[in-house]
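K.L.:
Take a look at this one; I'll ask things after.
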Amino acid sequence: MSQREETIVRLGLNPRLAHMVLFPHRHSDATPPFHLEIIDLWHSEAPRALTEAFRGAAKSTLAEEAIAIMACFRKFKNGIIVGESEDRAKERLNAIKHEFETNEMIEELFGPMVGPTWQERKIILSNGTVIQAFGRGQSLRGAKHLSARPDLCFCDDMEDDESVATPEAREKFKQWFMKVLIPALAPKSKLRVAGTPLDPEAW
């Protein structure tokens, strides 16, 4: 086994190490223990996981890294990012795209990852993995890629002050989440939700 292959195996077995090795430019400060907990949760076999933390806690940053790592290892086929708006979701996707375009360590280990589709809302990596961006409340009819329904979903701070302001607004969000988002996912999908508590009755 070559040194490159050994490194890939080590990183695949140790997600905490993978985050440190592949994204040192994002970890200039000491990693607090709760970041390690978030990393463990992201890479766990848990089908559903929620991370609630204050703004600036790096929830989304760690999620971007986790999605990139999981994509490199083909841990999912069709991943979707759902944000408060489509623009917010595209910001997350753009950050992930940037890593695939510029991260020399990723390219050294996994080869060029930029694939045939490289758009604002959808990318297809060179290994066939798909990542797409959607906004809260959108139809998810286009989330399916070929025969693959989304098997990884990251919900990133989907709520805002308006969506939690009234019981009606909160119920509207709940209905979309339960009747549109969840049914659009593959039966054995992984759902990861990151949120900032905005209201005691927030979803």
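The values are calculated or read from the model by the stated rules, or taken from the named source; none is laboratory data. Source: prediction; values computed, not measured. Ideal geometry is used to build each Cβ from the backbone, glycine not excepted, and the neighbour counts take in all protein chains shown. The accessibility values were calculated without ligands, DNA or RNA, using every heavy atom of the protein model including side chains. Shrake-Rupley method; radii C 1.70, N 1.55, O 1.52, S 1.80 Å.
K.L.:
For the structure I just gave you, tell me whether Arg74 is touching a residue at least 60 places away in the same chain (Cβ under 8 Å), charged (D, E, K, R), open to solvent by 80 Å² or more (accessible area, probe 1.4 Å) and out of contact with any Lys or Arg (no Cβ under 6 Å at 6 or more places or on another chain).
P.N.:
Here the answer is no, as Arg74 does not meet what is asked.
K.L.:
Do you know which residues across the range 140-153 are within 14 Å of Ala89 (Cβ to Cβ) and surrounded by fewer than 16 Cβ atoms within 10 Å (Cβ to Cβ)?
P.N.:
Hit for the range 140-153 is Gly142, nothing else.
K.L.:
Okay, next question. Just checking: which of the helices (runs of 4 or more DSSP H) contained wholly in the range 1-89 hold 2 or more residues that are over 28 Å from Lys144 (Cβ atoms) and modelled with pLDDT of 95 or more?
P.N.:
On the way: elements: 3-13, 15-22, 33-43, 59-72.
In the range 1-89, the matching helices (runs of 4 or more DSSP H) lie at 3-13, 15-22, 33-43.
K.L.:
Report every pair of residues separated by at least 6 positions or lying on different chains whose Cβ atoms are under 7 Å apart, first residue within the range 185-203 and over 17 Å from Ala49 (Cβ atoms), second open to solvent by 10 Å² or more (accessible area, probe 1.4 Å).
P.N.:
If the second residue must be open to solvent by 10 Å² or more (accessible area, probe 1.4 Å), the pairs left are Leu198/Glu159; Leu198/Asp161; Glu201/Arg170; Ala202/Glu159; Ala202/Arg170.
K.L.:
Another question, if that's okay. List, please: which pairs have Cβ atoms under 7 Å, are six or more places apart or on different chains, and start with a residue in the range 122-138 that is in a loop (DSSP other than H, G, I, E, B) and end with one that is of a type in the set (A, V, I, L, M) and at pLDDT 95 or above?
P.N.:
Qualifying pairs under 7 Å: Leu125/Ala71; Leu125/Met113; Ser126/Met113; Ser126/Val114; Thr129/Ala71; Arg136/Val82.
K.L.:
Give the residue, chosen from Glu37, Glu52, that is of a type in the set (Asp, Glu) and more than 21 Å from Ile81 (Cβ to Cβ). Talk me through it step by step, then tell me what you get.
P.N.:
Values: Glu52 fails: more than 21 Å from Ile81 (Cβ to Cβ).
Matching residue, one of Glu37, Glu52: Glu37.
K.L.:
Okay, next question. Could you give me the residue pairs with C-beta distances under 7 Å whose first residue belongs to the range 154-169 and is open to solvent by 70 Å² or more (accessible area, probe 1.4 Å), whose second residue is outside any loop (DSSP other than H, G, I, E, B) wherever it lies, and which are 6+ apart or on separate chains?
P.N.:
Going by the 7 Å Cβ cut-off, the qualifying pairs are Glu162/Ala169.
K.L.:
Any idea which of (1) farther than 15 Å from Phe154 by Cα; (2) surrounded by 15 or more Cβ atoms within 10 Å (Cβ to Cβ); (3) of a type outside the set (Lys, Arg); (4) in contact (Cβ under 8 Å) with a residue 60 or more places away in the chain is the one Phe54 doesn't satisfy?
P.N.:
Looking at each condition in turn, Phe54 falls short on (2).
K.L.:
Could you say whether any residue in the range 102-116 is part of a strand (DSSP E or B) and either at pLDDT below 95 or surrounded by 15 or more Cβ atoms within 10 Å (Cβ to Cβ) (or both)?
P.N.:
No; the residues of the range 102-116 include none that is part of a strand (DSSP E or B) and either at pLDDT below 95 or surrounded by 15 or more Cβ atoms within 10 Å (Cβ to Cβ) (or both).
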